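The values are calculated or read from the model by the stated rules, or taken from the named source; none is laboratory data. Keep in mind that this is a model prediction, so the values were computed, not measured. Cβ atoms come from the backbone with ideal geometry, glycine included; neighbour counts cover every protein chain shown.
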Ligand SMILES: [Mg+2]
């Protein structure tokens, strides 16, 4: 990547995400095979698992080791409230094991392992250190340790999302997608039978995508098999958005869950614009990955009124789409603002990501026309 100023940050971020994906795969496999008690509900009824806390711990620990100890600013999804309750002691034990097993393999990813295993309190410190609120100035790392936790517990799509914001602008975006096959047509091929994406077929590997603002280049690497060392950037291939601009040929993605997006409003917009295909419903930021890779052309998301979008659910994915040649704005056509703290403040109705400006303009126009008659 050309921009020397951030090359070390990008390099470390990519390695850390690879490592986090390997942790997630292990936890997901254990989880699906044993059905153990690794999932908890948070106060807002969303789910959190051993993987969410463990990934947050290793990313926080690694970034702090490499970039400046306690002063580093990390904005991330999880806190330690549930994990420190007295009934959670076995859960905390699982997190401690998962974190130390993963960190012990750090050299495989070109990172330095700790001298000895981390204690539970060091791990809790690492998780709770990620309590920054971001903001308009300085550098902030932004992490969603497991984006799409429901997809994760169902053995379906999820992502590890890491971004870095500098003075309010997203500069680095890295997205690990362990169940998104590296091969061409990784999503579309499987979605023909089912609206919801299926888990990765056996024999295929997931991917990590990364980019830096202003380079116009997005790269994709295969996830590492567990007996290999990360060769970087040797195995990376460049990806780009689709060149389709005819709505009749375009594929559009949307969230699986109705609570995250109004499907019927999106269907109305799709109809107005002339989209013919059924929506591809995918968990997590893999939707942005699909646009960046050129496997889908449009991503529409209309959250229920009152819901505030958080920066960690979008920062990495938005930069990937933009640098791969696409366009992302709110539903009013304005750029997303990552400088206002943990929420995308001032977001107009929803988020529209497209492979190009022509489709984007059509969608924005259709939203505008359909809005009056809907009661979102
Ligand atoms: Mg999450």
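Observations on the structure shown:
- Of everything in the stretch 112-127 that is away from the ligand (no atom under 16 Å from the Cβ) and surrounded by 18 or more Cβ atoms within 10 Å (Cβ to Cβ), the residue that is farthest from the chain's Cα centre (by Cα) is 118.
- Filter result for residue 319 (more than 17 Å from the chain's Cα centre (by Cα), surrounded by 18 or more Cβ atoms within 10 Å (Cβ to Cβ) and more than 16 Å from the ligand (Cβ to nearest atom)): no
- Applying the set (1) within 20 Å of residue 173 (Cβ to Cβ); (2) assigned to a helix (DSSP H, G or I) to residue 100 leaves exactly one unmet item: (1).
- Some residue of the stretch 356-374 being under 25 Å from residue 145 (Cβ atoms) and without any contact (Cβ under 8 Å) to a residue 60 or more places away in the chain: no
- Top-ranked residue in the stretch 252-280 [being in a strand (DSSP E or B) and farther than 25 Å from residue 143 by Cβ; ranked as modelled with the highest pLDDT]: 252
- Qualifying residue in the stretch 326-334 (condition: in the same structural domain as residue 266 (by TED's automatic domain parsing) and touching a residue at least 60 places away in the same chain (Cβ under 8 Å)): yes
Results for (1) farther than 29 Å from residue 29 by Cα; (2) at pLDDT 80 or above; (3) in contact with a strand residue (DSSP E or B) (Cβ under 9 Å, 6 or more places away or on another chain), shown as yes or no for each residue.
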{"position": "190", "(1), (2), (3)": "no, no, no"}
{"position": "197", "(1), (2), (3)": "no, no, yes"}
{"position": "214", "(1), (2), (3)": "yes, yes, yes"}
{"position": "220", "(1), (2), (3)": "no, yes, yes"}
{"position": "233", "(1), (2), (3)": "no, no, yes"}
{"position": "236", "(1), (2), (3)": "no, yes, yes"}
{"position": "240", "(1), (2), (3)": "yes, yes, yes"}
{"position": "247", "(1), (2), (3)": "yes, yes, yes"}
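- Looking only at the stretch 140-157, and only at residues there that are assigned to a strand (DSSP E or B) and under 18 Å from residue 318 (Cβ atoms), the one that is farthest from the ligand (Cβ to nearest atom): 140
- Residue 294 being in contact (Cβ under 8 Å) with a residue 60 or more places away in the chain and outside any helix (DSSP H, G or I): yes
- Filtering 57, 20 for residues that are assigned to a helix (DSSP H, G or I), at pLDDT 95 or above and away from the ligand (no atom under 13 Å from the Cβ) leaves a single hit, 57.
Results for (1) at pLDDT 90 or above; (2) surrounded by 18 or more Cβ atoms within 10 Å (Cβ to Cβ); (3) under 24 Å from the mean Cα position of the chain (by Cα), shown as yes or no for each residue.
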{"residue": "68", "(1), (2), (3)": "no, no, no"}
{"residue": "72", "(1), (2), (3)": "yes, yes, yes"}
{"residue": "76", "(1), (2), (3)": "yes, yes, yes"}
{"residue": "79", "(1), (2), (3)": "yes, no, yes"}
{"residue": "84", "(1), (2), (3)": "yes, no, no"}
{"residue": "96", "(1), (2), (3)": "yes, yes, yes"}
{"residue": "100", "(1), (2), (3)": "yes, yes, yes"}
{"residue": "104", "(1), (2), (3)": "yes, no, no"}
{"residue": "110", "(1), (2), (3)": "yes, no, yes"}
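- Filtered residue count, the stretch 158-178, keeping only those that are more than 14 Å from the ligand (Cβ to nearest atom), within 12 Å of residue 213 (Cβ to Cβ) and assigned to a strand (DSSP E or B): 8
- Checked against the criterion of being at pLDDT below 85 and out of contact with any helix residue (DSSP H, G or I) (no Cβ under 9 Å at 6 or more places or on another chain), the candidates 3, 11, 35 yield just one match: 35.
- So residue 175, is it at pLDDT below 85 and in the same structural domain as residue 133 (by TED's automatic domain parsing): no
- The number of residues in the stretch 63-97 that are touching a residue at least 40 places away in the same chain (Cβ under 8 Å) and either away from the ligand (no atom under 16 Å from the Cβ) or not assigned by TED's automatic domain parsing to the domain that holds residue 134 (or both) comes to 13.
- Residue within the stretch 367-375 that is surrounded by 24 or more Cβ atoms within 10 Å (Cβ to Cβ) and either at pLDDT 95 or above or under 25 Å from residue 52 (Cβ atoms) (or both) present: no
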